[in-house]
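In what follows, a single structure is set out as structure tokens and then discussed.
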Amino acid sequence: MRAPRHRAELTEVTRGTPMGELLRRYWHPIGLVGDAGEVPHKVRALGEDLILFRDAKGCAGLLHARCCHRGTTLYYGKVEEKGLRCCYHGWLFDTQGHCLEQPCEPQGGLFKDKVRQPWYPLEERYGLIFAYMGPLTKKPVLPRYDCLETMDAGEFVEADDTSLGGGGPAIIPCNWLQHYENIVDPFHVPVLHGSFSGPQFTTMMASMPQVSFETSPRGVLVRSTRRQEDGKVFARVTEAGLPTLRVVPNPRVAEFARVESIGWVLPIDDTSFRIYVAGRVKQQGDIDRMRSKFNGKFWWDMTEEEHQRFPGDYEAQVGQGPITVHSEEHFGQSDRGILMLRRVLQAELEAVAAGRDPIGVSFDREAPSVVFEAGNFMREA
Amino acid sequence: MRAPRHRAELTEVTRGTPMGELLRRYWHPIGLVGDAGEVPHKVRALGEDLILFRDAKGCAGLLHARCCHRGTTLYYGKVEEKGLRCCYHGWLFDTQGHCLEQPCEPQGGLFKDKVRQPWYPLEERYGLIFAYMGPLTKKPVLPRYDCLETMDAGEFVEADDTSLGGGGPAIIPCNWLQHYENIVDPFHVPVLHGSFSGPQFTTMMASMPQVSFETSPRGVLVRSTRRQEDGKVFARVTEAGLPTLRVVPNPRVAEFARVESIGWVLPIDDTSFRIYVAGRVKQQGDIDRMRSKFNGKFWWDMTEEEHQRFPGDYEAQVGQGPITVHSEEHFGQSDRGILMLRRVLQAELEAVAAGRDPIGVSFDREAPSVVFEAGNFMREA
Amino acid sequence: MRAPRHRAELTEVTRGTPMGELLRRYWHPIGLVGDAGEVPHKVRALGEDLILFRDAKGCAGLLHARCCHRGTTLYYGKVEEKGLRCCYHGWLFDTQGHCLEQPCEPQGGLFKDKVRQPWYPLEERYGLIFAYMGPLTKKPVLPRYDCLETMDAGEFVEADDTSLGGGGPAIIPCNWLQHYENIVDPFHVPVLHGSFSGPQFTTMMASMPQVSFETSPRGVLVRSTRRQEDGKVFARVTEAGLPTLRVVPNPRVAEFARVESIGWVLPIDDTSFRIYVAGRVKQQGDIDRMRSKFNGKFWWDMTEEEHQRFPGDYEAQVGQGPITVHSEEHFGQSDRGILMLRRVLQAELEAVAAGRDPIGVSFDREAPSVVFEAGNFMREA
């Protein structure tokens, strides 16, 4: 009898682990644009404790929380014109970790050029702040996405940090892969969101689909089709793009169109994650209005028995445990998307270990926006 | 100086440990009959997370909590006519773990006969649900006990799950053996329940007894006698029966008679336990009315200082720590019952390791009820 | 890349560790005189759980919490005329751990001379109870300190157990050395207590001092001077005396005089500490009136953002983590006091390992009181 175990190489995210290094080759959203300000803001991402701030020039910075001098957290630091000053001995760091002042040292610090506070590059886009936490020589271009660049009339992009799509609170206490795999699992929809708690979405989503899975240039693509009573075919295309992108059209199928939002699953650490979303909307608050209700209630207003009777993605995924026990799984035909996604991830782990760049990274500043096929579509049969 | 340590082989209960395997050769109560219903009910026993339910035929089932498909807890499952359905992909399991449906799979599941959800046999008796968590080929008969079968006029059996006899709340945060040993420790009664907090029971129990210990066919038997002022002898017989039976007559000595109830100490895991009780009563609620008060209050209403001034079994046993440190104990004559019980347990660990059946198990469905000698008796000298 | 690590030999305090053994060669305050009474009082010191009480003769006792019989905590014991009686089987221990009674044993205990409850010698002085937790053959004299012995007119000694000087609550959740090192770090004062949250003390303390560090017969001495506008020199002398003494004059500089109080940093365990203080006062409550306010509020009344904007010693030291990561530190000239203190501690670890007595211990009952140079002084230039 072998002891039950999880696949550490696919799930664990700290620096130096295989997946930790793969994830660090991509940009990740770590906050809303408004999170960077004049009060230091805690960020935890990929198992690292970080401090986000914005200097007087408007430049956002993300530094390791522990001051490189004596280890005090910069959370209690003071944001100044040129950077963030540690509360303990006043070392001042700019957004790139340069030490500008050491006020307790002779002549304001003779060795301040010899120390550097660990820092990460940031870029702001779509209302989000993206960080690159990998080796600087490997820093790719932050991609642009056509679905957030090309607007229909009256549309604009809105960002959200409440883990919309996670089915529960903003911080979700299980491994990120349990959620990420769910994106390529269209079969759970008519069960979990249909016969159990539903239809949570539209009745159109409540029947069992015909599904094909294929690899995309960025990950795994899922095509689900459902023949309608009028003979037309409702086609839904979903993609899991590396590293953690949820390219999932609105499951309420408000319209038949290309995907309207992207979600990024941020691993906080090995046993918790959160989701950032950016989407095209016509009214402020539209994204938040996509939030699911269960039995007419928001998740946090439900009783324990209501959580049992109307479970959603949160219950199903957190119910797999902090990290699911992969050695005890039994897969079927309907799980092919998950197996395909794990193979893609495994291949990219090997690519990085072999010194290659993983899929989906680009170093070309002139590269066109990424166009996703994802969307809800109604087709003649 | 050797590091302090506990006796793992006597105390730890998970699958694969010596005591875990010994305990798994017996039936254990894991709930009240009413706990199995149409809402999945969490059970934790011997370190395993389980889900209890009852199908539409009235048959109770106890399944591993993690669905054998993808590991989601069946706590969020739906109880249906034929079994329990997982919320995530709808696999349906009967009370014996057979997979009846895999609705996301082609043709309803072509390999469903090849998977089996781990499950345990149940039997219901005395208001309790008993589970057998050991190898099926070794499953003994669930014993009948004369003290719960042979009624006096107007009596019936009532069950309780509040850890009556534990001296505190329903879930007690220390190793089960600390409580189990207490059963063969009659000397603590005049101290802990007498000069400290008492007399909690009757004054008849408040004096130091004459005690003899002997092994019984099921464990260890304790005979305590106290000569009364009128020359008669108050004789009290108590038994610790394997695996975890408390055969303890009412310490309030309401009458001089055979034992009126049995308690089963269920190890929840290595560092917590609970007690199920079944007893003969004449009025509904009689068992709960046996609950001890301290300084006129229930345990949960006491202040911290009252717990200090009026300690009971909970304080004494939890006060030994999550698992007591056996290497630091110093035994006396009055501890012979505890040493005897440990030797009995040790012998049965060896029996099981050698492939023999432990004491007290029977495979004979026609076996007569077990008769305990335990009780409070008044005898002429 | 080496894994980040802390210096275990300098920080960890349990029995058998290098620092644990060094600390156990000194007396430590473990309570106020009033903590020892007729209700058993929990003490945790150097990672050990202990029970403090006072017998009817007025003698204070400090015993290991676990009864040497069966391990039940003596916290639920009863204080009697001759000692502390365990609640479980009534063994009675005097203040030196002698077992006086074993009421459940034949003839009151035939082997009670063969067991001994672990105990520690106590002495009461300056309103505090001091314990010696090391080998009895190495027990030094409890030192007298001139600053608490020689009174000015109207003065008396008052004791405090609220971790005054720690900048927060009574129990501070980080390693003791993070606080102890702070004593020899005068440069943080104008930053943390000045430009950040201040001036918390006087404006006189708000400027950057000239500092010299030197070893003293007991540890490390810090001389800070600040030239005043009138040409005089404000000289402040501070000392960190082994094992954990804070010899720190009032930072509010109420008067120019020798130090008025001593603080002892008690390591509760590896990741928490508390501070006991004894000081000369003229009014009852004077010590507590020295407590710092931040933005006009006590620490426990501040909002999260106020803690960020007005950090003090608590935030700076707890902000280094449960045990700081020494391998990631970068030292400057201003940190020479800390490096000197670590070298002194390291040397004394080696002294003890080599069988020598560490500095500052004396076995001479007639030795004069220890005189500290510490104080705030105003000198002509």
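The values are calculated or read from the model by the stated rules, or taken from the named source; none is laboratory data. Computed from a prediction, not measured in an experiment: that's the story for all the values here. Ideal geometry is used to build each Cβ from the backbone, glycine not excepted, and the neighbour counts take in all protein chains shown. Surface accessibility is based on the protein's heavy atoms, side chains included, excluding ligands, DNA and RNA. Shrake-Rupley method; radii C 1.70, N 1.55, O 1.52, S 1.80 Å.
Tell me the angle of helix A:336-353 to the major Cα principal axis of chain A, expressed in degrees between 0 and 90 and rounded to the nearest ten.
Once rounded, one gets 30 degrees.
How high is the relative contact order of the range B:56-214, given as a whole-number percent (alpha carbon pairs under 8 Å, six or more residues apart)?
Details: 187 pairs, mean separation 19.0, N = 159.
Dividing the mean separation by the residue count of the range B:56-214 yields 12 percent.
Dimensions of chain C along principal axes (Cα, Å, largest first)?
Principal-axis extents of chain C (Cα, largest first): 81, 60, 47 Å.
Give me the net charge of C:Leu122's neighbourhood, meaning all other residues with Cβ under 13 Å from the Cβ of C:Leu122; Lys, Arg count +1, Asp, Glu -1.
That works out to -2.
Using a 7 Å offset from Cα along the direction of the beta-carbon, what are the separations from B:Lys232 to the same position in each other copy, nm, ascending?
Nearest to farthest, the other copies are at 9.2, 9.2 nm.
Leaving out same-chain residues fewer than 8 places away, which aspartates and glutamates sit with a Cα under 19 Å from that of B:Lys297?
B:Asp286, B:Asp288, B:Glu305, B:Glu306, B:Asp313, B:Glu315
Hey, can you grab everything whose amide H is under 5 Å from the amide H of A:Val370? Only 5+ residues off in sequence or another chain; H modelled, so Pro and N-termini drop out.
It is A:Arg144, A:Tyr145, A:Asp146, by chain and number.
Place a point 7 Å from Cα of B:Val141 in the direction of its Cβ. Which residues in the range B:355-372 have their backbone N less than 19 Å from it?
B:357-372
Output ³J(HN,Hα) for the range C:276-293: one whole-Hz value per residue in order, computed from phi by the Karplus curve 6.51 cos²θ - 1.76 cosθ + 1.60 with θ = phi - 60°, and x for Gly and Pro.
In residue order, the calculated couplings are 9, 10, 10, x, 6, 9, 10, 10, 4, x, 4, 5, 4, 5, 6, 4, 6, 10 Hz.
How many nm separate the modelled label positions at B:Asp301 and C:Ala381, each set 7 Å beyond the Cα in the direction of the Cβ?
Placing both labels 7 Å along Cα→Cβ, they lie 7.6 nm apart.
Probe of 1.4 angstrom, ligands and nucleic acids ignored: what's the accessible area per residue over chain C, in square angstrom?
Accessible area per residue: 40 Å².
Output, in nm with one decimal and in ascending order, the distances from the B:Ser362 label point to the matching label points of the other copies (7 Å from Cα along Cα-to-Cβ).
7.9, 7.9
So, counting K/R as plus one and D/E as minus one, what does the shell of residues with Cβ under 9 Å around A:Gly375 add up to?
Charge balance in the 9 Å sphere: 0.
If you average 1/r over every pair of different alpha-carbon atoms in the protein assembly as shown and take one over that average, what Kirkwood value in Å do you get?
Taking the inverse mean of 1/r over all distinct Cα pairs, the protein assembly as shown comes out at 34.5 Å.
Using a 1.4 Å probe on protein heavy atoms only, how many Å² of accessible area do C and A hide from each other, summed over both chains and rounded to 100?
Working: alone 17630 and 17600 Å², together 32690 Å².
Approximately 2500 Å², summed over both chains.
State the Cα centre-to-centre distance between the range A:305-380 and the range A:115-173 in whole Å.
Going from one Cα centre to the other spans 18 Å.
Under 30 Å Cα to Cα from A:Lys112, which lysines show up? Leave out anything in the same chain fewer than 8 places away.
Here the lysines satisfying the reach criterion relative to A:Lys112 are A:Lys42, A:Lys57, A:Lys78, A:Lys82, A:Lys138, A:Lys139.
Within 10 Å of each Cβ of B:194-207, how many other protein chain Cβ atoms are there on average?
If you average over the peptide's residues, the count of other-chain Cβ atoms is 1.
List, shortest first and in nm to one decimal, how far the label point of B:Lys139 (7 Å from Cα along Cα→Cβ) is from its counterparts in the other copies.
6.5, 6.5
Under the rule of at least 5 residues apart or a separate chain, name every residue whose amide H is placed under 5 Å from the amide H of B:Gly219.
Under 5 Å from the amide H of B:Gly219 lie the amide H atoms of B:Leu242, each far enough along the sequence or on another chain.
Over chain B, calculate the relative contact order: mean separation of alpha carbon pairs under 8 Å at least 6 apart, over the residue count, as a percent.
Relative contact order for chain B comes out at 21 percent.
Any aspartates and glutamates with Cα under 16 Å of the C:Lys232 Cα? List them, leaving off those in the same chain fewer than 8 positions away.
C:Glu255, C:Glu380
Which percent of the accessible area of chain C is formed by carbon and sulfur heavy atoms (probe 1.4 angstrom)?
Taking all protein chains in place, chain C shows 51 percent carbon and sulfur surface.
Let me have the relative contact order for the range B:248-381, percent, based on Cα pairs under 8 Å that are six or more residues apart.
Here the relative contact order equals 35 percent.
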